[in-house]
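Taking it in order: structure first as structure tokens, then the write-up.
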Amino acid sequence: MIQYLPAFGNSGLNSWAKSGIMFDNYVGTYKQLINSFKASGITGDVEWFAQNPNHPIAKIRDLFEKKIANTVGKGSTFSIRKVYIELQRAPYGMKYNVLSAFVLGFVLKDIVARGYQWDNNQKTGPLDVETLAAMIEEVVKDDGNDKIKLEKLICRLSKEEKAFIEKAPAMFGASSAGASGRVEDALLLIQNRVEKISGRVPLWVLTEYLESVNEPQVAIIKHLLDNICLAGSTSSKSGKSDDRLNAIKDVGRIILENSDIITTISGYMKPENFVAAFQIYVDKNAPTLKALAESVGDVSCGYCQAIKEKAAESAGLLWNKNDIASEIAETEQEYEVIKLLKPIIGFEEFVSYRTAVDTLRNAVISTNKLPKTLIESAFPMLSVFLSNLGNNGNASAIKESLSQSIDVIKKLFFDVTRAKSLELLKLRLNGVTISDKELLDIYNGLSSGFTGNEATFLNDLRSRIEEYAKESVVQNLKEEWKRFSDENTPSEWANNVGIPARYLFDGISEANDIISAVQTPGAFSSDKLGELLDVLKGLSSLSIAECQSRFIADIVPKRYVKLNINLPALLDFLRSKYGTQPNNWQTKPDIQEFIRSQYKGAFAPQVTEKIKKTSPDLLKQKLLQLAQDNPELGLLFWE
């Protein structure tokens, strides 16, 4: 074929391809090449190819015809690029040059008159001379490198397919895909429109409403919608592409035969009709669900919304019937769970499954304090239930567990007295003595131990019981002190009365320990606190006057006991010297300084008066005795 071209250039590929396509009708720069072909006996007639089957150009055309028959002829698409790659090999040796463009145009020129379309997976359009020449140019330039973006492929649309593309979207209130649209474009327009108005109700459910209003053409409309759903749920590249194509053609045929069907169907494209259709469908396919929903207070068909929400993320929801059957079954199981939970949780109004299960999960995992392993060892039948709840198990599994163990679950997780939980704890505490009320107080103060280690939980509980017991004794001790002293603490009593609190006690040995235990109980063991509490309970307090008298008698030396000591003055002295808190004073504070400071003004008159009342002989006798015993007094007489 080289002799037909003056050179092997690669410019003007589009024009060379166009000259090959138009051949006899071509007028332009490359007319001389066409005349050279004709002079060699090559014509553009179909008969020439039949009469010269062994000619290289005829063999190339035959290869294309076979490929087209196996693709376009069977409803799929045809790629010039893929055949070009085969033609790059011997004996043809096609390359990136004008010869390849001209020959490709020449052997493909007849397909322009066949009514084929082009499609690049975004748009489609009629295959004409200009488009075919551009496609050939792209293929030759690519030269087998497979780098063509949005490659145009050759396909064929039937009149039914065209009707589907141009008119089917109108049935749903959507704009037409237009003459240049594709089947995929039309389906996308339909899908977007239905999703907008259906509230996530599948398209195929709409016929339920049509039947309920006795639509005369319901059978035809059902057949039509089923075909659209089949086309929408089947990929053009799947093994069911023939089913998809037949469904599309069937819709197009109905539209061509019954143009009024478009208006009829579009009249039903209203949100309220989809809602009604969905409820009819659910009630028909799950007749017990409605009664079940009403039994738990759902009187507004919330179960339908629950089903739609479950299917909301399903890509095939709009088209596939099977995609919704499982959601209906699951919702029915959820309502069974709600029914089982309502009496033990105490819901007064209807609550959703999520709310019911969240409440159950909170009661089991958060409010409950017992470790999972402890519960399972006592009630093995709850093992599956606890695992499902902790792992967000499905409604069916939770319902099964609830049905089998509802009484135990109620007692363990919803009894405010926690009697069953306390019973389990006492079995694990090995002889710890504590009342149910006290154990319940401790239990309520625990953090959730559901996922924790059982041994760690029990050790912590024992420590808390010990702390609680001690705190209980401390509280009782403080209450008993209040009864005994009429003050909250020994410090308060000492501050208010002005003397150490130990003078409240009638000389018992435990006085100081009791005072310390009330003031700082942390320094004592629970057992010691209990002993001191028992002692305190058996005591009666002295009057303040008695306490003050005992205080004076205790700290005033014997030689001064007959002095009339002023208590307020003495207390002022002690506070100034030993501090304001009487409980911190020395046990026997030294008051000699106080006596001396008070002697002249307070005690000397008392001594003088007594001397005056003493007889001379007795007074002389005492002076002689004092002079012998007291050097200071004796020296006074010496002077």
Carbon and sulfur: what percent of region 352-452's accessible surface (1.4 Å probe)? 50
With labels modelled as points extended 7 Å from the Cα through the Cβ direction, what inter-label distance (nm, one decimal) is found for Ser387 paired with Arg483? 5.6
Mean 1/r over all different Cα pairs, inverted: what Kirkwood radius does region 158-335 give, in Å? 16.8
Relative contact order of region 158-335, please, whole-number percent, based on alpha carbon pairs below 8 angstrom and at least 6 residues apart. 28
Sorted by accessible surface (1.4 Å probe, heavy atoms of the protein chains only), largest first, Tyr96, Tyr268 come out as Tyr96, Tyr268
Please give the Cα centre distance for region 473-512 versus region 27-74, rounded to the nearest Å. 124
Ranked order, Leu440, Leu188 - accessible area, probe 1.4 Å, largest first: Leu188, Leu440
Any chance you could run the full-extension gain for Ser175 through Ser447? It's 0.36 nm times the residue separation minus the Cα-Cα distance, nm to one decimal. 91.8 nm
Multiplying the sequence separation of Lys95 and Asn121 by 0.36 nm and subtracting their Cα-Cα distance, what value in nm do you get? 6.6 nm
Given only helices, namely DSSP H runs of n ≥ 4 each adding -39500 (n - 2.57), what is the per-residue ellipticity at 222 nm of the chain, to the nearest 500 deg cm²/dmol? -19000 deg cm²/dmol
On a 22 Å Cα-Cα criterion, which of the cross-link pairs Lys249/Lys310; Lys290/Lys339; Lys410/Lys470; Lys558/Lys600; Lys588/Lys612; Lys95/Lys123 come out too long? Lys249/Lys310; Lys410/Lys470; Lys588/Lys612; Lys95/Lys123
Modelled FRET efficiency - R0 51 Å, Leu542 with Leu626, Cβ distances, 0.05 increments: 0.85
Nearest 10, in degrees from 0 to 90: the angle of helix 129-142 to the longest Cα principal axis of the chain is 60
Taking the Cα centre of the chain as origin, work out the dipole magnitude from +1 charges on Lys and Arg Cβ and -1 charges on Asp and Glu Cβ, in debye rounded to 20. 1280
How much accessible area per residue does region 590-638 have, in Å², with a 1.4 Å probe? 85
With a 1.4 Å probe and all protein chains kept in place, how much accessible area does Lys74 have, in Å² rounded to the nearest 10? 140
What do you reckon, how do Lys610, Lys600 stack up by accessible area (1.4 Å probe), largest on top? Lys600, Lys610
Over the Cα atoms, compute the radius of gyration (one decimal) and Dmax (the largest Cα-Cα distance, rounded to a whole number) for region 337-404, in Å. 11.8, 36
Counting all Cα-Cα pairs in region 13-156, those more than 29 Å apart amount in percent to 9
Which FRET efficiency value, to the nearest 0.05, is calculated for Asn476 and Ile552 with the Förster distance at 30 angstrom and r the Cβ-Cβ distance? 0.35
In Å, the Kirkwood estimate of hydrodynamic radius for region 237-393 over Cα pairs equals 19.3
Can you tell me the Rg and the Dmax, both Å, for the Cα atoms in the chain? 53.9, 185
Longer than 30 Å from Cα to Cα, which of Lys67/Lys149; Lys82/Lys240; Lys196/Lys342 are they? Say none if no pair is. Lys196/Lys342
Heavy atoms of Trp48 accessible to a 1.4 Å probe, total area in Å² rounded to 10: 20
A chain fully extended from Lys38 to Thr587 at 0.36 nm per residue, minus the present Cα-Cα distance, gains in nm 183.5 nm
Could you compute how much accessible surface Ser300 exposes when probed at 1.4 Å, giving the result in Å² to the nearest 10? 90
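The values are calculated or read from the model by the stated rules, or taken from the named source; none is laboratory data. Since this is a predicted model, take the numbers as computed values, not measurements. Ideal geometry is used to build each Cβ from the backbone, glycine not excepted, and the neighbour counts take in all protein chains shown. Just so you know, the surface numbers come from the protein's heavy atoms only, side chains and all, with ligands and any DNA or RNA stripped out. Shrake-Rupley method; radii C 1.70, N 1.55, O 1.52, S 1.80 Å.
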